[in-house]
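Structure first, then comments.
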Amino acid sequence: MSQTVCILGATGSIGQSTLKVLAEHPEKYTVYAVTANSRIDELVAICKQFKPKIAVVPTELVDHLAQLLKQHQLQQIEILADEAGLIAAASHPEVDVVMAAIVGAAGLLPTLAAVKAGKRVLLANKEALVMSGDIMLQAARQHQALLLPVDSEHNAIFQCLPQNYLQLERENYQPKQGVSQILLTASGGPFLNFSIEQLQTVTPAQACKHPNWSMGQKISVDSATLMNKGLELIEACHLFSISEHFVTVVIHPQSIIHSMVQYVDGSTLAQMGNPDMCTPIAHALAWPNRISAPVPTLDVFSHQHLNFEQPDLQRFPALTLARQAMRSGGTAPAILNAANEIAVAAFLAQKIPFTAIPEVVDFSLNHIAITSADDLDTILDADTSARRAAQQYIATQRGGLA
């Protein structure tokens, strides 16, 4: 029986990879809803190929999209708008699977809506879990939603853990079932061997040119600062109910081993594959079964050397900031994420240098009161306050940073 899929962020890199996998299995999956923030031409192309029932865009693009769909005789597609439209699409009773691939805090509410509607949620938006933490996981248990990781690292960890690990009782954030440690791999990004002096003058174009992965601008910059790995560390702690000191970040420049799990008997299990997001997407779509993905099989003979090293926390302090935020708990991860989004946007707009990104985050973490994150309103208030603090810091300090 065919399953219906809603893709939140259909025109982004994860959305495009999802569509590639779905196109290989038309007998198993149909696209029910797609969303886009600005790339209307790409969205129309998706609508022509997959003919979804619903398309969601910002209000200011509704009329333009309606015109284009009419030109292509696709006016039967219902157009929804803004956050309310995203939530309606993600929680629609006809939808079975939701790919949560909207970048940043904007993905939180629609992802949470999908969870509360009891969907199979493929979590590619790490920021949603970083911000909401236990609230998201409690909602998944309460509404019997299946929350499956799509980030290549978390999907790899999931594959290396005992099969029922996510269903085990979550207590004390201690490893369970013989697990001793999670090894979270990182490519190191494009600036792995840059000195601090070199990092001060890198450009947005350089930061967005990842050596192994094809990703959007924001996540590419996060990868370059290692903040992406910091966010993934926080996500791993929540997903796998494990304290941050049981998660070790390992620089692995080849991006062939996507992460590892160590066990008390001395075993280390690793998930390997070519660096292509279609693999974790296919795994999460079909779990606990397997389906084919448009990815070549790993040629182990062409990868004779796999390197591992510790991250340099002096050159890449974002990782330390993320660890501190996870230790602090409460609203600290939401503050970290919000400040980072503002800082990355400022760097991409060439308002601050690359090395100022962690400075902005550090300032926000030290100037916004960290409280317990008992409800969504508190988290969203912390997000707003952190964005304001980050913007203020950039406006008043950027002359001294540049």
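For residues in the range 264-286 being in contact with a strand residue (DSSP E or B) (Cβ under 6 Å, 6 or more places away or on another chain) and not aliphatic (A, V, I, L, M), which is surrounded by the fewest Cβ atoms within 10 Å (Cβ to Cβ)? Residue satisfying both the conditions and the ranking: Thr268.
For every residue, the table says whether it meets (1) without any contact (Cβ under 8 Å) to a residue 24 or more places away in the chain; (2) among the polar types (S, T, N, Q); (3) assigned to a helix (DSSP H, G or I).
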| residue | (1), (2), (3) |
| --- | --- |
| Gly189 | no, no, no |
| Leu192 | no, no, no |
| Ile219 | no, no, yes |
| Lys229 | no, no, yes |
| Cys237 | no, no, yes |
| Ser241 | no, yes, no |
| Val250 | no, no, no |
| Gln262 | no, yes, no |
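Being more than 20 Å from Glu244 (Cα to Cα) and in a helix (DSSP H, G or I) is not true of Asn307.
Based on what the data block shows, is Pro353 part of a helix (DSSP H, G or I) and modelled with pLDDT of 95 or more? No, not satisfied. Might you check whether a residue that is small (Gly, Ala, Ser), out of contact with any Ser or Thr (no Cβ under 7 Å at 6 or more places or on another chain), surrounded by fewer than 23 Cβ atoms within 10 Å (Cβ to Cβ) and part of a helix (DSSP H, G or I) occurs anywhere in the range 312-323? No. Within the range 358-378, the set of residues being assigned to a helix (DSSP H, G or I) and under 16 Å from Gln324 (Cβ atoms) comprises Pro358, Glu359, Val360, Val361, Asp362, Phe363, Ser364, Leu365, Asn366, His367.
All conditions but one from (1) within 24 Å of the chain's Cα centre (by Cα); (2) modelled with pLDDT of 95 or more; (3) among the basic types (Lys, Arg); (4) under 20 Å from Trp287 (Cβ atoms) apply to Lys126; the one that does not is (2). Please tell me if Leu109 is part of a helix (DSSP H, G or I), over 13 Å from the mean Cα position of the chain (by Cα) and not polar (S, T, N, Q). Judged against the criteria, Leu109 is a match.
Per-residue answers, yes or no, for (1) under 24 Å from the mean Cα position of the chain (by Cα); (2) at pLDDT below 95; (3) part of a strand (DSSP E or B):
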{"site": "Ile7", "(1), (2), (3)": "yes, no, yes"}
{"site": "Gln16", "(1), (2), (3)": "yes, no, no"}
{"site": "Pro26", "(1), (2), (3)": "no, no, no"}
{"site": "Ser38", "(1), (2), (3)": "yes, yes, no"}
{"site": "Leu43", "(1), (2), (3)": "yes, no, no"}
{"site": "Leu61", "(1), (2), (3)": "no, no, no"}
{"site": "Leu65", "(1), (2), (3)": "no, no, no"}
{"site": "Gly85", "(1), (2), (3)": "yes, no, no"}
{"site": "Pro93", "(1), (2), (3)": "no, no, no"}
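On the given criteria, is Ala124 touching a residue at least 24 places away in the same chain (Cβ under 8 Å) and buried (at least 21 other Cβ atoms within 10 Å of the Cβ)? So Ala124 fits the description; yes.
To keep it simple, each residue is scored yes or no on (1) polar (S, T, N, Q); (2) surrounded by fewer than 21 Cβ atoms within 10 Å (Cβ to Cβ); (3) in the same structural domain as Ile14 (by TED's automatic domain parsing).
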{"site": "His143", "(1), (2), (3)": "no, yes, yes"}
{"site": "Phe158", "(1), (2), (3)": "no, no, no"}
{"site": "Gln174", "(1), (2), (3)": "yes, yes, no"}
{"site": "Ile196", "(1), (2), (3)": "no, yes, no"}
{"site": "Thr201", "(1), (2), (3)": "yes, yes, no"}
{"site": "Pro204", "(1), (2), (3)": "no, yes, no"}
{"site": "Ile219", "(1), (2), (3)": "no, no, no"}
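In the condition set (1) over 25 Å from Lys20 (Cβ atoms); (2) crowded, with 24+ Cβ neighbours inside 10 Å, Ser91 is compliant with all but (2).
The values are calculated or read from the model by the stated rules, or taken from the named source; none is laboratory data. Owing to the predicted nature of the structure, the values given are computational and were not obtained by experimental measurement. In this analysis, Cβ positions are derived from the backbone assuming ideal geometry, glycine residues included, and neighbour counts consider all displayed protein chains.
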